[in-house]
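A.B. asks: Would you mind keeping the following structure in view while I ask a few things?
The values are calculated or read from the model by the stated rules, or taken from the named source; none is laboratory data. The structure displayed is predicted, hence computed values, not measured ones. Glycine also receives a Cβ, built like all others from the backbone with ideal geometry; neighbour counts cover every protein chain displayed.
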Amino acid sequence: MTDNATDIAVVGFAHAPHVPETFGTTNGVEMLVPCFQQLYTDLGITKSDIDFWCSGSSDYLAGRAFSFISAVDAIGAVPPINESHVEMDAAWALYEAFVKLKSGQARTALVYGFGKSSAGTLRQVLTMQLDPYLVTPLWPDALSIAGLQARAGLDAGRWTERDMAAVAAGDSGDVESLLATPYVADPLRAHDCAPITDGAAAVVLAVGDRARELCERPAWITGMAHRIDTPVLGARDLTVSPSTSAAAQSVTGGDLSGFDVAELHAQFSHQQLILTEAIGLKPETRVNPSGGALAANPMFAAGLERIGFAAEAIMAGTANRALAHATSGPALQQNLVTVLEALA
């Protein structure tokens, strides 16, 4: 690793507790303040040391206009800040911050995302991201869309219900017991679906020598790319993810060897199967050691958490090379892939 000022690393990660419901406001302030304080303490900095701030959230999830502006209360009014926002998962806010640092306009950035999923009927609220003319009026909820995707894969022979249960069970779970549970949306059972989760997450990025000053073992971002498939559900094969494959090919060059950890933003068990195949992960790569979105799925922060957990493994010394994936939109429509490495 050279001292190039455009070498960018994750140097800090914090997230709020993963809980089914919080009693705070929908602007996330109560969840964000402890995250920011943890990062300040861990890195020995103050908010004045952050050159650029970028957030990811959703006004329609919050149920209020410009909720991201009121979330800035978590930062404080003084000193003034350079701030931006994306109306999607905060993994894309990290991408914006990454570009900002690459351009030389900042040396440090703090990226955060938040979502209070319990504030409304989440799986119906997500219908609002569908085609407003042809699909939203039918009002298919998130489980219905995912169920269509899972059924398409089962009918095509791409996976089985046992494969799906094995994803949810992990290395030590009881697949048979899971298969004996009832459907919640055929062919999905409760263990196949991410839980409703309130939460927030924050990541600090830094460039070159500044990253080394802040972190003993930075997680250097050696590649980041995102691609998009059509939002028209009937115009694509829901059992595969070409955009994930394209993004992964862009950042890895097809070399998937040496990945110790992969954090995949799979909100349903069958989606982990799709993503693993689309990326081309090797059997020796540990997938979602954090538990993934099936363990906790804070909307608009879960994708950022995948990057955070992957970076955390590198910073802790338990991994040397990691891959992180984030998704947005229905049935894996938009996908972002990030490669992080521990470099000398």
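A.B. asks: Could you run through the range 157-174 and say how many residues are over 15 Å from Gln271 (Cβ atoms) and either in a helix (DSSP H, G or I) or hydrophobic (A, V, I, L, M, F, W, C) (or both)?
C.D. replies: Looking only at that region, the number is 2.
A.B. asks: Please enumerate the residues belonging to the range 223-261 that are outside any helix (DSSP H, G or I) and closer than 26 Å to Arg151 by Cβ.
C.D. replies: Within the range 223-261, Arg227, Ile228, Asp229, Thr230, Pro231, Val232, Arg236, Asp237, Leu238, Thr239, Val240, Ser241 meet the criteria.
Results for (1) surrounded by fewer than 16 Cβ atoms within 10 Å (Cβ to Cβ); (2) in a helix (DSSP H, G or I), shown as yes or no for each residue.
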site: Pro132; (1), (2): yes, no
site: Pro140; (1), (2): no, no
site: Arg151; (1), (2): no, yes
site: Ala202; (1), (2): no, no
site: Ala211; (1), (2): no, yes
site: Ile221; (1), (2): no, no
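A.B. asks: Which of the residues that make up the range 236-286 are out of contact with any Lys or Arg (no Cβ under 6 Å at 6 or more places or on another chain), small (Gly, Ala, Ser) and at pLDDT below 95?
C.D. replies: Correct list: Gly253, Gly254, Ser257.
A.B. asks: A further question on this structure: Can you tell me how many residues in the range 175-187 are free of Cβ contacts under 8 Å to residues at least 40 places away in the same chain and either within 20 Å of Gly292 (Cα to Cα) or outside any helix (DSSP H, G or I) (or both)?
C.D. replies: The number of residues fulfilling the criteria is 7.
A.B. asks: Working only within the range 290-312, note down all residues that are closer than 19 Å to Ala248 by Cβ and surrounded by fewer than 24 Cβ atoms within 10 Å (Cβ to Cβ).
C.D. replies: Phe309
A.B. asks: Additional query: Restricting the first residue to the range 66-94 and requiring it to be farther than 21 Å from Arg306 by Cα and aromatic (Phe, Trp, Tyr), which pairs with a second residue that is outside any loop (DSSP other than H, G, I, E, B) and at pLDDT 90 or above meet a Cβ separation below 8 Å and a spacing of at least six or different chains?
C.D. replies: From residues that are farther than 21 Å from Arg306 by Cα and aromatic (Phe, Trp, Tyr), the pairs are Phe68/Ser55; Phe68/His85.
A.B. asks: Also, quick follow-up: Considering only the range 163-181, I want to know if a residue exists there that is on the phi > 0 side of the Ramachandran plot, surrounded by 12 or more Cβ atoms within 10 Å (Cβ to Cβ) and out of contact with any Asp or Glu (no Cβ under 7 Å at 6 or more places or on another chain).
C.D. replies: Yes, the range 163-181 has at least one match.
A.B. asks: So, in the range 66-106, how many residues would count as being crowded, with 17+ Cβ neighbours inside 10 Å, part of a loop (DSSP other than H, G, I, E, B) and modelled with pLDDT under 90?
C.D. replies: Of the residues in the range 66-106, 0 are crowded, with 17+ Cβ neighbours inside 10 Å, part of a loop (DSSP other than H, G, I, E, B) and modelled with pLDDT under 90.
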